[in-house]
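Trainee: Below: one structure in structure tokens.
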Amino acid sequence: MRLSWSGYLGILMLVVAILCALFGSWIYPTAYDRSTGPPLQRPSQDHPLGTDDLGFDILAQLLLGGRISITVGLGVGVSATLIGSLIGFSAGFYGGWIDQLLMRLVDITFGIPQFLVMIVLAAWLGPSLNHTIGVLILFSWMMPARLIRSSTARLKEEWFVKAARSYGAGPLYVFFRHLLPQLAPLMGLSLIRTTSRAIMAEAGMAFLGLGDPSLPSWGQIMRNALAFPAIWHTDFWRWWLLSPQLAITWVAIALALLYRSIDALYGTEVAISEQKPNKRHTTERREAEGCYLQRNSGSGIVR
Amino acid sequence: MSKPHRLLEYGLTLFVLFNLNFILPRALPGDPLLTLVNTDQSFSVLTAEQLDYFTSYYGLDEPLSRQYLKYWQGLLTGELGKSIYFKEDVASLVLRRLGWTVLLVGSGILLSSLVGVILGSWAAWCQGSWFDRALYFFLVCLAETPVFLIGTLLLFTLGARLHWFPLGGAMTHFASYGSRPGQLLDILHHAALPVVTLALSRLGSSFLLSRNTMVATLNEEFMHTAYLKGLPGKTRLFKHGLKNCLVPVITRTLTSLGTMIGGAVLVENLFAYPGIGGLLQQAVLACDYPLMQGILLVTSISVVTMNLLGDLLCYRLDPRAR
């Protein structure tokens, strides 16, 4: 059981990004929120990525933007995964009308044009990082919920869970003691997925002017760059507009590589369950998941 | 899941959306009227009489139940209120702009599905070879590349540097076309870059879906039978394989419309394209709430309809899904 080379590449890229976000302002202590040089400088010794139209250093903004993106991504990812897991577990464990209700809720939330609703909601709430995070959580919990629900519903019927139940184990005990080890990879995968989606959506929303204008998140830098009238006719786009975009792409690709290699490691075609389950896919998926669980439960059954 | 069940679910989705649309502006902090009157550009002080006038003008002095009934009445008759910024009927404004977005999203989806299916089948055919692996890696990366990066690169290289394509807009302003084809050509010329951007951003997922489906199909027993019958590779791939692989591709394409529209909002802003997305951003910046609601309603109705269509097509095309 080893990660593929692309998985290690993803981890490496991710570590670089996180280190830059954490220690960037320490290594490169130029202020991001005031003018530190003449406006519209080309990249130079003092300003490796030049300055924008107000004389703000672009590299310093980029580093702080990384911190914002990773905060938003992880904040949304962790909370959405936890909330989604809780919902999915309740639906799968209790079944019946609770299951019906929660899963219809998932279907309905999946069915609406999410990005547009996010935009309108954020516009109503007003530009602020906290609002952005809240709105993103509101539309990110469905994928973990669906994943965890289907696994819980299946695991619930396993003998070891039935045995624990017959001894009087409550749902929380069953979850932490018996289900969590089996569900952990799925939760990890949903964490990666929701994090990367949140980073992308936050950038998109800031790009449309829904972010906090005083915070240089990556989307906001792009917005400022495109608002500069001569951006089309000069070279400035190369460092001003391209650098935040490349940063987002860097993080997104790192997360995707990691996601795919973990997915391949456990043999769960998680990607399939992001869409509506139809009969054929569900059976295929069950087989894939069953195969992975047998390999991991140490029962020695190898298909 | 049975067919009426699905229909009911889509109906429910729309119902929830319509209700949210009614409740949210009233439930969120802030007086809807004050936000309507005090836009960012102008802050006006109202006398008590003026306030009363506007309250009754927008029907906000009536009890909630009555407002709710009126809201549904408006929905059913296609009356979505008036845009504050554009001083125009929301319904006609949105419908006029919708055409451009449909053009972008439609051609983007078509292009990406076509190329994705071809590349996906090809990669599945020589599964495990270096070609498959390189393509897979490249397209996984492409699938994660944000639309704005693809758009920016295309815009600056093909648009600003090489001058092959216009930098924005949907038509040349103040141009007089001698003929119908000339106008069409101009529209296509303007749409080319945004369409290619959207198509590229979706190509990755389209490729992955068709490749995975094709790999699964190629391992099915009827494919072995076809091989043992001595049918040539081309027949097997296109006649037996592709037929089976197309169903999920078609349904997935229709159900991915919601995501596509999200991407279209960003692309339209980058290319200053006069579609729904551009309109939405103007509405957001001007705090034009009726317009935002209208856009949201129209797009949700179209997305839900497309999802429904995808499901129905799946039933029709693939008897196994029934």
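Trainee: Can you give the net charge of the other residues whose Cβ lies under 12 Å from the Cβ of A:PRO38, counting K and R as +1 and D and E as -1?
Mentor: Combined, the nearby Lys, Arg, Asp and Glu give -3.
Trainee: Might you report the magnitude of the Cβ-based charge dipole of the protein assembly as shown about its Cα centre, with Lys and Arg at +1 and Asp and Glu at -1, to the nearest 20 debye? Working shown, then result.
Mentor: Numbers: 47 positive and 37 negative charges, 527 e Å.
The calculation lands at about 2540 debye.
Trainee: Do you know the relative contact order of chain A, to the nearest whole percent, from alpha carbon pairs under 8 angstrom that are 6+ apart?
Mentor: 24
Trainee: Compute the Cα gyration tensor for the range B:227-322, then decide on rounded, prolate or oblate, letting a ≥ b ≥ c be the square roots of its eigenvalues: rounded whenever a/c is under 1.5, prolate when a/b is larger than b/c in the other cases, and oblate in all that remain.
Mentor: oblate
Trainee: How many nm is it between the label spots at B:TRP130 and A:ARG154, if each spot is 7 Å from the Cα in line with the beta carbon?
Mentor: Placing both labels 7 Å along Cα→Cβ, they lie 3.8 nm apart.
Trainee: Given Cα pairs under 8 Å that are at least 6 residues apart, what percent is the relative contact order of chain B?
Mentor: 27
Trainee: Moving on. B:GLU88's amide H: which non-local residues (gap 5+, or another chain) put their own amide H closer than 5 Å, with H modeled 1.01 Å from N in plane and none for Pro or chain starts?
Mentor: The answer is B:SER83.
Trainee: Still on this model: Under a 5 Å amide H to amide H cut-off, with H placed in plane at 1.01 Å, what residues pair with A:ASP212 once short-range neighbours are removed?
Mentor: A:SER128, A:LEU129
Trainee: Continuing with the same structure: Among B:CYS245, A:CYS20, which comes first, second and so on when ranked by fewest other beta-carbon atoms within 10 Å?
Mentor: Numbers: B:CYS245 25, A:CYS20 19.
Going from least to most buried by this count: A:CYS20, B:CYS245.
Trainee: Rounded, prolate or oblate: which one fits the protein assembly as shown, using the alpha carbon gyration tensor with axes a ≥ b ≥ c (rounded when a/c is under 1.5, else prolate when a/b beats b/c, else oblate)? Present the calculation step by step, with values, prior to reporting the outcome.
Mentor: Values: a/c = 1.38, a/b = 1.26, b/c = 1.10.
The shape class here is rounded.
Trainee: Can you give me the Cα centroid spacing of the range B:70-146 and the range A:57-133 in angstrom?
Mentor: 22
Trainee: Each residue of the range B:274-280 in turn: what ³J(HN,Hα) in whole Hz from Karplus with 6.51, -1.76, 1.60 and θ = phi - 60°, glycine and Pro shown as x?
Mentor: x, x, 4, x, x, 4, 4
Trainee: Okay, moving on. Lys and Arg at +1, Asp and Glu at -1: add these up for the other residues within a Cβ distance under 12 Å of A:GLY7 and post the number.
Mentor: Residues near A:GLY7 contribute +1 overall.
Trainee: Quickly estimate the mean residue ellipticity at 222 nm for chain B, helices only: each DSSP H run with n ≥ 4 gives -39500 (n - 2.57), and the total goes over all residues, rounded to 500.
Mentor: Numbers: 13 runs with 227 residues, N = 322.
Calculated from helices alone, the mean residue ellipticity at 222 nm is -23500 deg cm²/dmol.
Trainee: Let me ask another. Let me have the relative contact order for the range B:153-302, percent, based on Cα pairs under 8 Å that are six or more residues apart.
Mentor: Result for the range B:153-302 is 22 percent.
Each reported figure results from applying straightforward, stated rules to the coordinates on display, with no laboratory input. Nothing here was measured: the structure is a model prediction, and the numbers come from that model. Please note: Cβ atoms are built from the backbone with ideal geometry, for glycine as well, and neighbour counts cover all protein chains shown.
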